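**Student:** Right, I'll just put the structure down here and ask away after.
The values are calculated or read from the model by the stated rules, or taken from the named source; none is laboratory data. All of these numbers come straight from a predicted model, not from anything done at the bench. Neighbour counts run over all protein chains shown; Cβ positions are idealised from the backbone, glycine included. Side chains are part of the model used for accessible areas, which takes the heavy atoms of the whole protein and leaves out ligands, DNA and RNA. Shrake-Rupley method; radii C 1.70, N 1.55, O 1.52, S 1.80 Å.
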Amino acid sequence: MATEVKVPTLGESVTEATVGQWLKKPGEAVKVDEPIVSLETDKVAVDVPSTVAGVMGDIIAKEGDTVEVGALLAYVNEGGSVAAAPAPAAAAPAAKAEAAAPAPAASAPAPAASDDEEGGNLTLSPAVRRLVLEHGLDPSKIKGTGKDGRLTKDDVTAAAAAGTAKAAAGAAAAAASAAEAPAAGPSRAQERVKMTRLRQTVAKRLKEAQNTAALLTTYNDVDMTNIIEARAKYKDLFEKKHGVRLGFMGFFTKAVCMALRDIPGVNAQIEGDEIVYNNFCDISVAVSAPTGLVVPVIRNAESLSVADIEKTIGGFGKKAKEGKLTMEDMKGGTFTISNGGVFGSLLSSPIINPPQSGVLGLHRIEDRPVVRDGQIVIRPMMYLALSYDHRMVDGREAVTFLVAVKNAIEDPTRLLIDL
């Protein structure tokens, strides 16, 4: 009996998805609730599990196809037997032919193992293959953190930084793509890859923000001395008590919530000819995932402690790497914090995420000379950038908001006494 596998309900206002990757092939055994296909929606990747145990049957929708909710994806044959490997061709004639053939003077080297044979499933995406080749790594020596142990760009980047997966000359290229013949001279090869649905949606929304909102960015810098000292002093006790590392995002999120309370326009949005003021702080935080940056939401961040915020962000980061973020994780958000400093960014002008009216960009911490009490001293400084919709937020409000965040970070006591 064949059971239909259909596109499940994907979430509010989401009516279609793109078939990202088939995790099972026809003839392979399937367990109950085992994912068989990954669908890409506007926000997250969704794994579709099998409702029965059996054998994977015919696949109806191909990778890259756009499918609507309820559409047929494939069949699973209940109680079927796994397809056996094809029997080898007539052994006797083959043996005779082999005996008649002259023996080689020296044994030829064994062919390189395929991607699936080396250290598990090493099917590489184009982007990952390119990174492997650029860094000269052996993909079989890298532990994958993606689905089914697949390698992600983060895995390759980390291995390159650690220097633990170096391949012998030419081995990385052979392992990454045995079918690609080395080109003589400088390469002018091109690679054409279809945009993921997530990337298409990001591109559409960001361009929509530029076309619709009156975008403006104001900048300031913040002295990180006191926050760094507080973190260094309490990080071990903090981790021992709460089971999570103490970072800077907890402090910045609390500072942002205090500033949003004082400048509510930055936490509002325009709907038609009305302004909607949000009396809560749902903070979107940019998190790195194998498919790019995603922005899950910390609900009611104004009522959370620094420890609760750090735990929530850490949970989002883990789920993002494992591809387990849900539509509910990404839904809503009244203000965004984007930390480009973890990638080394010195200064940038972030773009708001509609319908939000503001986004705070954090950047790398850098020792710079500043004047304190008439003396030139070296302090760890960070640039802050607030991009906002000038239709909603006046320049005075934007500057006041940014100064409030700066003051709270430079004097962490303000976070404790709510000042």
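**Student:** Which one of these is open to solvent by 50 Å² or more (accessible area, probe 1.4 Å), out of contact with any His (no Cβ under 7 Å at 6 or more places or on another chain) and either within 15 Å of T3 (Cβ to Cβ) or assigned to a strand (DSSP E or B) (or both): V52, V32?
**Tutor:** Values: V52 fails: open to solvent by 50 Å² or more (accessible area, probe 1.4 Å).
After applying the criteria, what remains is V32.
**Student:** Further question: For region 63-76, which positions are open to solvent by 40 Å² or more (accessible area, probe 1.4 Å), of a type outside the set (F, W, Y) and modelled with pLDDT of 85 or more?
**Tutor:** L72
**Student:** In addition: Looking only at region 55-70, count how many residues are without any contact (Cβ under 8 Å) to a residue 40 or more places away in the chain and part of a loop (DSSP other than H, G, I, E, B).
**Tutor:** Qualifying residue count, region 55-70: 1.
**Student:** Here's a follow-up. Checking L347 against (1) open to solvent by 60 Å² or more (accessible area, probe 1.4 Å); (2) without any contact (Cβ under 8 Å) to a residue 24 or more places away in the chain, only one condition comes out false. Which one?
**Tutor:** It fails just one condition, (2).
**Student:** Go through region 124-147 and count every residue that is at pLDDT below 65 and surrounded by fewer than 16 Cβ atoms within 10 Å (Cβ to Cβ).
**Tutor:** Number of matching residues: 2.
**Student:** Name the single residue, out of those in region 276-303 being free of Cβ contacts under 8 Å to residues at least 40 places away in the same chain and not in a strand (DSSP E or B), that is surrounded by the most Cβ atoms within 10 Å (Cβ to Cβ).
**Tutor:** Taking the candidates together, the pick is P296.
**Student:** List pairs: first residue in region 408-419 and touching a residue at least 40 places away in the same chain (Cβ under 8 Å), second residue among the acidic types (D, E) anywhere in the structure, Cβ distance under 6 angstrom, at least six positions apart or on different chains.
**Tutor:** E410/D223
**Student:** Name the residue, out of D236, D223, D273, D262, that is in contact with a Ser or Thr (Cβ under 9 Å, 6 or more places away or on another chain) and either among the acidic types (D, E) or open to solvent by 60 Å² or more (accessible area, probe 1.4 Å) (or both). Lay out the reasoning, then the answer.
**Tutor:** On the way: D236 fails: in contact with a Ser or Thr (Cβ under 9 Å, 6 or more places away or on another chain); D223 fails: in contact with a Ser or Thr (Cβ under 9 Å, 6 or more places away or on another chain); D273 fails: in contact with a Ser or Thr (Cβ under 9 Å, 6 or more places away or on another chain).
Among D236, D223, D273, D262, only D262 is in contact with a Ser or Thr (Cβ under 9 Å, 6 or more places away or on another chain) and either among the acidic types (D, E) or open to solvent by 60 Å² or more (accessible area, probe 1.4 Å) (or both).
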